[in-house]
Amino acid sequence: MPILEVQHLTHIFPDGTVAIEDINLKIEPREFVVIAGSNGSGKTVFIRHLNGLLSPTKGKVFIDDEPIVKNIVNARKKIGMIFQDSDSQIVGQTVKEDVAFGPENLNLPPEDVDRLVQKSLQSVGLEEYATQDPHVLSGGQKRKLAVAGVLAMKPKIIVFDEPFTGLDYPGIVQVLKQILLLHEKGHTIIVVTHELEKVLAHANRLIIIHKGKLVENGLPSDVIGNSERYGVKMPLRANEGVETLTWLK
Amino acid sequence: MAQMMFFHYVHKNAILHNMDGRIKVFCMVLMSLATSLAVNVLDFTILTCVVFMALLVSKLPMISLVKDMKFFMFLIIFVFIMNSLSIKGEPIPNFPIKSVSIEGVTAGLLFAWRLILIIMICSIVTGTTSLLVFKKVIEWYLRPIPFISETRVSTMINLTFLLIPVILDQYTEMSNAQTARCVESRKNPIKRVMFIAVPLLSNTLRKTDELIYAMESRCYSEERTRALFKVNPLDWIVLTTSILAVTLVIIL
């Protein structure tokens with residue numbers, strides 16, 4: 001049974017712009033999926049439907065065979081979302097407070113909140129920064145903080161929207177390692193990016209969205225050859241095999 | 001002003017830092033009330049002693065605080081001069097300005113003293129209380145008030161504090177970018193303000209939009225986990241001292 005299913009998903013903005021059109025997709029548990037596409041292709045609009053941040057004009061999203069509209073809070077617990085701009089998703093004045101935001105929203109007892117915060121910070125290696133101002137963290141650490149905030153809600157699926165944007169080399173490696181660790185721990189991972197060279201070596205599937213339509217969906221090695229047709233740069237040395245592209249030593 | 005010690009939280013392991021936030025804020029209100037009610041030198045001396053004690057136990061950098069007082073000097077001197085000139089009374093012998101009276105100078109000095117005490121009380125409380133604790137205290141005090149969502153108010157306060165540095169950073173960046181494109185050569189000040197204000201507003205709205213999405217995706221709700229407070233025996237001592245100070249000021 002797929003953990004996530006999207007049926008005929010279409011979103012048309014009030015001015016008539018078709019952002020995404022008739023997208024059908026199934027994602028199995030523990031998959032590592034990369035969604036690529038050029039700027040303005042509809043990637044972000046698409047993923048914002050997965051946890052009900054946007055309502056579709058047409059179509060449905062199912063998590064564990066249940067339509068997300070039936071229980072939106074449950075859907076948001078199951079799908080953790082890491083946004084592109086880490087700064088704009090920080091809601092706490094300390095690292096600890098920011099991570100506690102999600103569990104507190106679920107009205108969990110304070111001792112459970114503390115336990116979850118502690119565990120999440122440990123998972124991403126930020127426990128020593130617990131009392132610090134999140135804005136003084138480095139770019140990579142801010143992404144890790146966003147991951148910790150999401151982990152505190154125990155999601156099954158974690159969606160990363162352009163996780164490498166604006167990061168230097170150590171920051172990219174830091175985030176990539178974190179994503180792989182989460183995948184190893186059993187989370188289903190969806191990474192939205194157009195920087196394929198950074199992550200494709202670790203993915204099970206590559207999906208390309210172009211002009212709001214899902215145009216490619218398959219094994220990375222099968223799809224990569226067509227990526228430039230849709231405005232996504234094919235990584236150098238991709239012909240030698242996608243598994244050789246890794247940024248990790 | 002950014003380097004000021006005043007009104008900035010300084011993380012320490014001191015009695016005032018570890019106090020129950022509700023009692024600390026209540027003590028601040030009591031002390032401010034006492035300062036407003038103080039009328040003579042004895043009242044001010046008692047309050048100064050209490051504030052000085054609080055400053056000592058707070059472990060806040062005292063020298064920096066005293067140095068930073070220069071930022072308020074203009075206000076303090078202004079208040080002193082206005083009081084000295086406006087209050088009628090016996091003129092000071094041999095003083096060239098006849099409208100300056102002994103009563104006026106005394107009132108001016110007491111008023112300046114009051115101002116310094118209030119600034120110090122606020123600095124001690126803000127220096128020993130993190131914004132997180134303030135937020136929880138506001139939530140706690142608003143809870144019994146009907147028709148006001150304490151969670152919404154505290155979230156709004158929290159987000160305001162979060163967005164201010166972001167907006168200021170954006171302002172600096174935009175201002176630098178416009179300076180690099182010779183915005184100074186524009187003589188019309190309204191146009192120059194508009195060049196900054198319009199994109200700044202639009203950027204702020206975009207950031208706010210992103211923040212709302214991020215909060216929504218983490219199940220934002222007003223039915224949130226409530227803060228836990230713990231009263232320590234030392235908190236009662238601080239509260240008793242504050243009540244005693246108010247009582248003495250009223251009686252004497």
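FYI, it's all coordinate maths here, none of it is from the lab. Just so we're clear, the structure is a prediction, and the values are computed from it rather than from any experiment. So basically every Cβ, Gly included, is an ideal-geometry build from the backbone, and we count neighbours across all protein chains shown.
Some points to look at:
- Gap separating the Cα centres of the range B:86-142 and the range A:13-59, nearest whole Å: 59 Å
- Difference of contour (0.36 nm per residue) and Cα-Cα distance, B:L37 to B:T247: 74.6 nm
- Take every Cα pair under 8 Å whose residues are at least 6 apart in sequence, average their separation, divide by the length of the range B:1-155, and the relative contact order is 32 percent.
- Per-residue mean of C-beta atoms belonging to partner chains within 10 Å, peptide B:209-216: 6
- Counting charges near A:L108 (Lys, Arg +1; Asp, Glu -1) among other residues having Cβ under 12 Å from its Cβ returns a value of 0.
- Shielding by partners - mean other protein chain Cβ count within 10 Å, residues of A:86-97: 5
- Relative contact order (%) - the range A:151-249, alpha-carbon pairs under 8 angstrom, separation at least six: 26 percent
- Comparing mean-square fluctuations of B:I121, B:I148, B:I138 from a GNM of chain B with C-alpha springs under 10 Å, the top value falls on B:I148.
- Top of B:A14, B:A34, B:A197 by mean-square fluctuation, Gaussian network on chain B, Cα under 10 Å: B:A197
- Among A:N105, A:N226, A:N39: highest mean-square fluctuation, GNM of chain A, C-alpha pairs under 10 Å: A:N105
- Fewest-first sequence of A:M234, B:M19 by Cβ atoms within 10 Å of each Cβ: A:M234, B:M19
- Net +/- balance of residues flanking B:V238 in space, Cβ distance below 15 Å, scoring K and R +1, D and E -1: +2
- In terms of distances greater than 24 angstrom between alpha carbons, the cross-link table entries A:K26/A:K211; A:K60/A:K198; A:K156/A:K249; B:K24/B:K136; A:K142/B:K59 yield A:K60/A:K198; A:K156/A:K249; A:K142/B:K59.
- Alpha-carbon centroid distance for the pair the range B:40-82 / the range B:159-204, whole angstrom: 36 Å
- If the Kirkwood radius is taken over C-alpha pairs of the range A:107-249, then at 25 °C and 0.890 mPa s the Stokes-Einstein diffusion coefficient equals 148 µm²/s.
- Of all DSSP-defined beta bridges confined to the range A:132-249, some 50% are antiparallel rather than parallel.
- Counting Cβ atoms of other protein chains within 10 Å of each residue's Cβ and taking the mean over peptide B:221-229 gives 5.
- Summarising the strand pairing of the protein assembly as shown, around 55 percent of its internal DSSP beta bridges are antiparallel.
- Residues A:R76, B:R181, ranked from the fewest to the most other C-beta atoms within 10 Å, line up as B:R181, A:R76.
- Only helices enter this figure: runs of n ≥ 4 DSSP H residues, each worth -39500 (n - 2.57), summed and divided by the residues of chain B, yield -24000 deg cm²/dmol at 222 nm to the nearest 500.
- For B:K230, the aspartates and glutamates whose Cα falls under 12 Å of its own Cα, not counting residues fewer than eight places away in the same chain, are B:D20.
- Label separation (B:F52 vs A:K249): 6.2 nm, computed from points 7 Å beyond Cα along the C-beta direction.
- Rough spin-label spacing in nm, given labels placed 7 Å along Cα→Cβ, for B:K187 and B:L200: 2.5 nm
- For chain A: relative contact order, % (alpha-carbon pairs under 8 angstrom, 6 or more apart): 24 percent
- Chain B: DSSP helices with Cα axial extent of at least 18 Å and average Kyte-Doolittle hydropathy no lower than 0.0: B:21-37, B:41-58, B:70-86, B:102-128, B:150-180, B:189-217, B:233-251
- Take the Cα of B:F147, step 7 Å toward its Cβ, do the same at B:L228, and the gap between the two points is 3.5 nm.
- The overall shape of chain B is oblate: from the C-alpha gyration tensor, with semi-axes ordered a ≥ b ≥ c, the ratio a/c is 1.5 or greater and a/b is no larger than b/c.
- Highest mean packing comes first when the peptides A:169-176, A:113-120, A:206-213 are listed by Cβ atoms within 10 Å, giving A:206-213, A:113-120, A:169-176.
- Set of aspartates and glutamates near A:K96 by C-alpha distance (under 17 Å), chain-local residues within fewer than 8 positions excluded: A:D87, A:E104, A:E111, A:D112, A:D114, A:E127, A:E128, A:D133
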